[in-house]
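Trainee: Dropping the structure in here first, questions after.
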Amino acid sequence: MSKKITKRIILPDMVYDSVTVGKFINQVMKKGKKTIAQKIVYQSFDIIKEKSKKPALEIFEQAIKNVTPLIEVKSKRIGGATYQVPREVKIERGLCLAVRWILQAARTKKGKAMKEKLAEELLAASNNQGAAIKKKEDTHRMAEANRAFAHFAR
């Protein structure tokens, strides 16, 4: 008897009423300090609004869409050898990877406040540039290179 896994329901954020922004805030959060995470995200959205003269939510959604991968590689052990097998990415996992890559890219930048680094990365991702987009392209390139092992996928 295995327990059934229940999926957590993430509440939408207060300002934009978007579940995606709510999930993004939860990923920005460290050590349970949600108000600080909200402040960082909303201030970076204000910076985006100033710089681009477009709604911040529109830029954010475009950035997430651009960074979301379509395929990835999974290691699979077959007969003593390990193969990198390309697999399609589910929608939820794609969103999770996109958010993770954007935050990773923003956190690795140096010399500015997190709100500014996050705003820059989101703007770059919405224009198909930046470290998060490079990560997606590397993932796609890896999957393309290992296309010969696609028949191992189940």
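Trainee: Counting only protein heavy atoms, what percent of the accessible surface of the chain is carbon or sulfur at a 1.4 Å probe?
Mentor: Details: 5510 of 10300 Å².
Carbon and sulfur together cover 54 percent of it.
Trainee: Between Asp138 and Val19, what FRET efficiency comes out of the Förster formula 1/(1 + (r/R0)^6) with R0 = 41 Å and r the beta carbon distance, rounded to 0.05?
Mentor: Numbers: r = 28 Å, r/R0 = 0.69.
The calculated FRET efficiency here is 0.90.
Trainee: Still on this structure, please answer the following. Between Lys31 and Ile10, what is 0.36 nm times their sequence separation minus the Cα-Cα distance? Round to one decimal in nm. Intermediate results must be reported in sequence, preceding the final value.
Mentor: Values: separation 21, 0.36 × 21 = 7.56 nm, distance 1.78 nm.
Residue separation times 0.36 nm, minus the Cα-Cα distance, leaves 5.8 nm.
Trainee: State which entries of Lys31/Lys53; Lys23/Lys109; Lys23/Lys135; Lys31/Lys76 exceed 28 angstrom in Cα-Cα distance in the structure shown. Don't jump to the answer; show the numbers that get you there.
Mentor: On the way: Lys31/Lys53 34 Å; Lys23/Lys109 22 Å; Lys23/Lys135 20 Å; Lys31/Lys76 34 Å.
Beyond 28 Å between Cα atoms: Lys31/Lys53; Lys31/Lys76.
Trainee: With the crude spin-label approximation of a point 7 Å out along Cα→Cβ, what separation in nm comes out for Ala150 versus Lys74?
Mentor: Calculated label separation equals 1.6 nm.
Trainee: For the stretch 140-153, take each phi angle, set θ = phi - 60°, evaluate the Karplus expression 6.51 cos²θ - 1.76 cosθ + 1.60, and give the result in whole Hz per residue in order, putting x for glycine and proline.
Mentor: Going residue by residue, I get 5, 5, 4, 5, 5, 5, 9, 4, 4, 9, 4, 5, 7, 5 Hz, with x marking Gly and Pro.
Trainee: Now for a different question. For the ranges 61-71, 7-17, what's the packing order if you count other beta-carbon atoms within 10 Å of each residue, average per peptide, and put the highest first?
Mentor: Values: 61-71: 18.5, 7-17: 11.7.
Highest to lowest by the protection proxy: 61-71, 7-17.
Trainee: Next question, about the same structure. Under 5 Å between amide hydrogens, which residues at least 5 positions from Arg87 or on another chain qualify, with H placed 1.01 Å from N in the peptide plane?
Mentor: Amide H to amide H, under 5 Å and 5 or more residues apart or across chains, Arg87 pairs with Glu72, Val73, Lys74.
Trainee: What is the ratio of the Cα radius of gyration of the chain to 2.2 N^0.38 Å, with N the residue count, to two decimals?
Mentor: Values: Rg = 17.7 Å, N = 154, 2.2 N^0.38 = 14.9 Å.
Relative to the rule-of-thumb radius for its length, the chain sits at 1.18.
Trainee: Could you provide, to the nearest whole Å², the per residue accessible area of the stretch 1-119 with probe 1.4 Å? Provide the component values of the computation, followed by the final result.
Mentor: On the way: 8070 Å² over 119 residues.
Heavy-atom accessible area per residue stands at 68 Å².
Trainee: Out of every Cα pair in the stretch 115-154, what percent are spaced more than 11 Å from each other?
Mentor: Details: 522 of 780 pairs.
So the portion of pairs separated by more than 11 Å is 67 percent.
Trainee: Quick one: helix 91-108 against the long Cα principal axis of the chain, what's the angle to the nearest 10°, folded into 0 to 90?
Mentor: For helix 91-108, the angle is close to 60 degrees.
The values are calculated or read from the model by the stated rules, or taken from the named source; none is laboratory data. Every value quoted in this text rests on a predicted model; they were computed, and no experiment measured them. Quick reminder, even Gly has a Cβ in these numbers, built from the backbone with ideal geometry, and neighbours come from all protein chains shown. Side chains are part of the model used for accessible areas, which takes the heavy atoms of the whole protein and leaves out ligands, DNA and RNA. Shrake-Rupley method; radii C 1.70, N 1.55, O 1.52, S 1.80 Å.
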